[in-house]
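Okay, structure first, notes after.
The values are calculated or read from the model by the stated rules, or taken from the named source; none is laboratory data. Since the structure is predicted, the reported quantities are computational estimates derived from the model, not experimental observations. Because the Cβ atoms are built from the backbone with ideal geometry, glycine has one as well, and the counts that use them run over all protein chains shown.
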Amino acid sequence: MTVLLIILLAAVGYILWQKWELTKFQVTTCQIRSPKLQKQASAVVIADLHGFSYGRENNRLLQQIRSINPHVILIAGDMLVSKYEKTYQTAWKTLAELVKIAPVYYGYGNHESRLKDPERLNHLPFLQYIKQVQELGVHVLETESRQVSLGENQVMLSALELEMTYYEKGRIVPMEPSYIKDRLGGPEEEMFQILLAHNPAYAEYYAQWGADVTFCGHNHGGLIRIPGIGSVISPQYTLFPKYDAGDLRFGNRHVIVSRGLGTHTFHVRIFNRAELLEIKFLPENS
Ligand SMILES: [Fe+2]
């Protein structure tokens, strides 16, 4: 009887704990200093929302972003779950509110890229979704660069849509050293260069290409995190992914990996709270 009670209490405790980790996101603030920035500015980065809703119609998430009042909102991919069409509607409704807060720039994750294939289930609903997202005024970037305003700074914002081979399950497919340059051209040398690239497995490549800061998601913090060790498994089923979360530094370049806001397939987060990134951009000597 005592053993049964302990098991029952442990099960209830686990369910409550999981509910808390899965439904209470935290705000992680990162600071980026650069001589290429003239004025202070801010952004929020949303990664891997996967059609999740914090409160009714994402009210809690939207309220948090309103309180940050960023100059831009950057999406580092996977706003939806490719196989669940109903997540497209949640993503669209959230984007419809986000554009009222600040300009929104939307880079693709594997869930969006997969749906560009005409053979895929939900290809047509996805095309309709993207059309409606663009009609909202969201700037959808596939693989391209645009000069954009970041507060009073002019910066170069690039998005790299990785081909699906780079999301192969169970292994990290080697990337040709010239891959990013071949697709995007060279980085901006004079202006501050931001890159949206969903998969953090190629973090060094993004820094080597020349991005001052890259924003990634994809790994969901590894679902389960062991304190002091890091993440256990990526959504690509690679074990102990090298780049799982946080502000990684490669010389003076940053690659910031979000633990993401949503989940799919395995709705588990252990020592791995969902997160919204708040980025503070600062001039070098401020
Ligand atoms: Fe992803």
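Values as computed for the structure displayed
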| item | result |
| --- | --- |
| Any hit, region 85-92, residues being more than 16 Å from the ligand (Cβ to nearest atom), touching a strand residue (DSSP E or B) at 6+ places or on another chain (Cβ under 9 Å) and at pLDDT 95 or above | no |
| Residues being assigned to a strand (DSSP E or B) and either more than 16 Å from the ligand (Cβ to nearest atom) or in contact with a Cys (Cβ under 7 Å, 6 or more places away or on another chain) (or both) - total across region 196-213 | 2 |
| Any hit, region 128-142, residues being out of contact with any strand residue (DSSP E or B) (no Cβ under 7 Å at 6 or more places or on another chain), within 19 Å of His198 (Cβ to Cβ) and surrounded by 12 or more Cβ atoms within 10 Å (Cβ to Cβ) | yes |
| Test set (1) at positive phi; (2) surrounded by fewer than 20 Cβ atoms within 10 Å (Cβ to Cβ) - His50 fails condition number | (2) |
| Test for Tyr179: is it within 16 Å of the ligand (Cβ to nearest atom), surrounded by 15 or more Cβ atoms within 10 Å (Cβ to Cβ), without any contact (Cβ under 8 Å) to a residue 60 or more places away in the chain and not acidic (Asp, Glu) | no |
| Region 39-58 - residue that is under 17 Å from Ile73 (Cβ atoms) and in a helix (DSSP H, G or I) and, of those, nearest to the ligand (Cβ to nearest atom) | Asn58 |
| The lone exception for Ile256 - which of (1) at pLDDT below 85; (2) surrounded by 15 or more Cβ atoms within 10 Å (Cβ to Cβ); (3) farther than 14 Å from His50 by Cα it fails | (1) |
| Boolean, Lys100 is farther than 22 Å from Ser258 by Cβ and within 16 Å of the ligand (Cβ to nearest atom) | no |
| Matching entry among Glu168, Glu189, Glu204 (being closer than 30 Å to Glu152 by Cα, of a type in the set (Asp, Glu) and either touching a residue at least 40 places away in the same chain (Cβ under 8 Å) or in contact with a helix residue (DSSP H, G or I) (Cβ under 6 Å, 6 or more places away or on another chain) (or both)) | Glu204 |
| Selection from region 1-28 of residues that are in a strand (DSSP E or B) and surrounded by fewer than 13 Cβ atoms within 10 Å (Cβ to Cβ) | Gln26 |
| Region 103-125 - residue that is assigned to a loop (DSSP other than H, G, I, E, B) and touching a strand residue (DSSP E or B) at 6+ places or on another chain (Cβ under 8 Å) and, of those, nearest to the ligand (Cβ to nearest atom) | Gly109 |
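Residue-by-condition table, conditions (1) in a strand (DSSP E or B); (2) more than 24 Å from Ser67 (Cα to Cα); (3) aromatic (Phe, Trp, Tyr); (4) more than 16 Å from the ligand (Cβ to nearest atom):
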position: Phe215; (1), (2), (3), (4): yes, no, yes, no
position: Tyr237; (1), (2), (3), (4): no, yes, yes, no
position: Tyr243; (1), (2), (3), (4): no, yes, yes, no
position: Gly260; (1), (2), (3), (4): no, no, no, no
position: Asn272; (1), (2), (3), (4): no, no, no, no
position: Leu277; (1), (2), (3), (4): yes, no, no, no
position: Ser286; (1), (2), (3), (4): no, no, no, yes
